[in-house]
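The structure under discussion appears below in the form of structure tokens.
The values are calculated or read from the model by the stated rules, or taken from the named source; none is laboratory data. Small disclaimer: the values here were computed from a predicted structure and weren't measured. Here Cβ is always computed from backbone atoms with ideal geometry, including for glycine, and neighbour counts include all displayed protein chains.
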Amino acid sequence: MHSSLTLTARQARAGRPTLADAWDTAGSLVATALGLGAGIAIVDGAHASHPLAILAVALVVAVGDLVLRAPLRLFARAAGAMGALVAGLAAQVLVAWVALTHVPGIVVDSGVAVVAVLLIASLVMAVGRWLWGVNDTEYVLGDVIRRAQSRARRAGTRPDGASVVPGEPMPRGTRVEGRRPPGLLVVQLDGVAAPVLALAVEAGLAPTVARWLASGSHCLDPWWSRVPATTPASQAAILHGDSSGIPAFRWWDRDLGRLVVTNHPADAALVESTLPAEHGLLAPDGAAVSTMFSGGAATNLLVMSRSVRAPDGSRGGFGPGPAFLRFFASPFVFTRAVVRSVAEMAKELYQARRQRVRGVEPRVSRGGWFVVLRGVTNGLMRDLTTSLVAEHLVRGTPTVFVDLVDYDEIAHHAGPTRPEALRALEGLDGVLHVIEQVLPVAARDYQVVVLSDHGQSLGATFEQVEGRSLLEVVRSLMADPDVDGVQAVAGEEWGPLNSLLTSASLSSRPRGTVMLGPDAPSRGVRAGRPERVGLPDVVVTGSGNLGLVWFPSAPARLVLEDLQERWPGLVAGLAGRPGIGAVVVDTASRGLVAVGARGLALLELDVAPEGEDPLAGWGSQARADLARAGRLEHTGDLLVISAITPGGHVHAFEGQVGSHGGLGGDQNRALLLHPSGLVVDADLLGDVDGSAMLVGAEQVHIQLLRWSAALGLRA
């Protein structure tokens, strides 16, 4: 039947609206009318004399959106992303104002009432979809999916590329092999350990992943995230194939004479300038969305390293303006995202109080700015990034990489397996479900790979165990409690917001960046004699339960013999603290050693430990990980790994009850969820405690490159 339809007939019908198009339009119109009706009924300054007047307002809003699309798109190309944001919001308010003030039977008293109606309509529509059992994020992509389906119907093809009879319903998810070019979508679930995802599947909190696994379409494999198990190190390796210049989340650079913090847009750009661009996973024509580094992508959207003006003078920022227009200009989408952000803040306040009331231990403070940051990342940023990914899938970008940080942010403050963290993971599974709805209407036959950059481990902080910070312990062991010191152990959660604000303000601040949070230069923690200027005597940073210590006045890294001469009790004193498991330091004659409370292990010589092995119980990969970490460029004079409890709990050197960066617990067991047809190559596997898995993010990079080549996306 399909083959009897001639190409001429299909072309004759192309562009003609179908019955399905009309049904989609009617459904959208009714939903908008219901939301607007609720807003008009609730807001004191708005009144409607008849239900048909509300339907007419919804119709005007829909027509206004359609009419303004073309001029807004042209404006966004010229004005960039910030122009798209401003123009899109202005268009929403303008269309609503025209509809509410000019449709007969509707009366509004002020512009404030117009905005209030918009906000309430967005809230009602979101709640209605939740009560109806529809994934909340689907609303963001409803228009994207409808447009792609309509385009496919009018072109006479199914979303999968097969021919159809115009007006015939399209089977959802139907796929015909070979009809569309292949594509690769990589979704990073930041901070999710493989065992935690397996737990969520068993608990019914990840039904999309569970369905993929049960159907056999995907396989779940763990991979080993080496020390430092942090986002910048893992993502640099996954996207660029090299993490050797990244010893932690933040570090002291002796050449620059300052701290480098990877969630500072300018520092992220500095780090990427040292990474090999020719091996970028997303080169030459891929898209990076909400990542720390670009991976050589042609299109960079909310990419930390690209949110500032590049050294060659090229413009960074959000990315191409039209990419954001659909999100900011579509009626109710942005306002709904704002409402969701506020709801997320209220949820955080409730969940934090519940932990305190129930006496949950271990726990950390969850007040202050974190409440706002959670709202931004789990509300606005989630909807925005999902929308951007969907647009690129529909457009047919060959390779797309997106980083979703929702779970990682909450798990740091609540704990990796606490109810609120698992609920955040449930939300990310919902994002995968939404993306799944886009795949049948995408321009390519996308293979979806889901991975994480590391896991997280639970545990009381080092300061809770020790009663003082790592900097205070170091200063006391140097026999000078007032020594001038710098401590940088917080601020990871500020990265997405700083990147967003820097990108948005690039046109007005072309040479600078927006820096908020404890890592901001004006708010760094410097302790010691106030009259001291210049280089500090000691610098301490924390990346989870990995602590690094530098002595900046020394021109090069100090070895154990130097340290014992200057501060005889420092290394042994640190290793003997109850919250510390081992101290890694270089020596003049025996290479790197790991010093424990009652023994030491030579990391680069094949000899037995002296005394008790400080690495006993840390697993087969600990020795190799610490030997590598101890030789990374810019690494500390001392590397400190916290103690590990028999239950696998670690002690972060920053205020996090869920942490990553060092060794212990699930933080090193990242996940790789891949299509069954894309097999992990045996020659890339290593042995970790008797299990074969990819060891190191560099190996993950190689595997992704091989899959990309097998799909014909690169040479």
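Per-structure values
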| quantity | calculated |
| --- | --- |
| Lone qualifier among Gly581, Gly591, Gly636 - being at positive phi and not in a helix (DSSP H, G or I) | Gly591 |
| Glu698 at pLDDT 95 or above and closer than 24 Å to Phe293 by Cβ | yes |
| Within region 198-228, considering residues that are among the charged types (D, E, K, R) and surrounded by fewer than 17 Cβ atoms within 10 Å (Cβ to Cβ), the one farthest from Val434 (Cα to Cα) | Glu202 |
| Selection status of Pro284, of a type outside the set (Lys, Arg), part of a loop (DSSP other than H, G, I, E, B) and farther than 26 Å from Ala652 by Cα | yes |
| Given (1) out of contact with any strand residue (DSSP E or B) (no Cβ under 8 Å at 6 or more places or on another chain); (2) of a type outside the set (Val, Ile, Thr); (3) crowded, with 23+ Cβ neighbours inside 10 Å, number of the condition Pro440 does not satisfy | (3) |
| Qualifying residue in region 429-445 (condition: in a helix (DSSP H, G or I), closer than 18 Å to Val196 by Cα and modelled with pLDDT of 95 or more) | yes |
| Flag if Val679 is β-branched (Val, Ile, Thr), at negative phi and in contact (Cβ under 8 Å) with a residue 24 or more places away in the chain | no |
| Selection from region 391-414 of residues that are of a type in the set (Gly, Ala, Ser) and buried (at least 24 other Cβ atoms within 10 Å of the Cβ) | Ala411, Ala414 |
| Neighbours by Cβ (under 6 Å, 6+ apart or cross-chain): first from region 97-116, part of a loop (DSSP other than H, G, I, E, B); second hydroxyl-bearing (Ser, Thr, Tyr) | Gly105/Ser49 |
| Residue within region 174-183 that is modelled with pLDDT under 95, out of contact with any strand residue (DSSP E or B) (no Cβ under 6 Å at 6 or more places or on another chain) and within 25 Å of Asp429 (Cα to Cα) present | yes |
| Which listed residue, of Val400, Val338, is in contact with a strand residue (DSSP E or B) (Cβ under 6 Å, 6 or more places away or on another chain) and assigned by TED's automatic domain parsing to the domain that holds Leu185 | Val400 |
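Quick grid of which residues meet (1) at pLDDT 95 or above; (2) under 24 Å from the mean Cα position of the chain (by Cα); (3) among the β-branched types (Val, Ile, Thr):
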residue: Gly636; (1), (2), (3): yes, no, no
residue: Thr645; (1), (2), (3): no, no, yes
residue: His649; (1), (2), (3): yes, no, no
residue: Ala652; (1), (2), (3): yes, yes, no
residue: Asn668; (1), (2), (3): yes, yes, no
residue: Pro675; (1), (2), (3): yes, yes, no
residue: Asp683; (1), (2), (3): yes, no, no
residue: Ser691; (1), (2), (3): yes, no, no
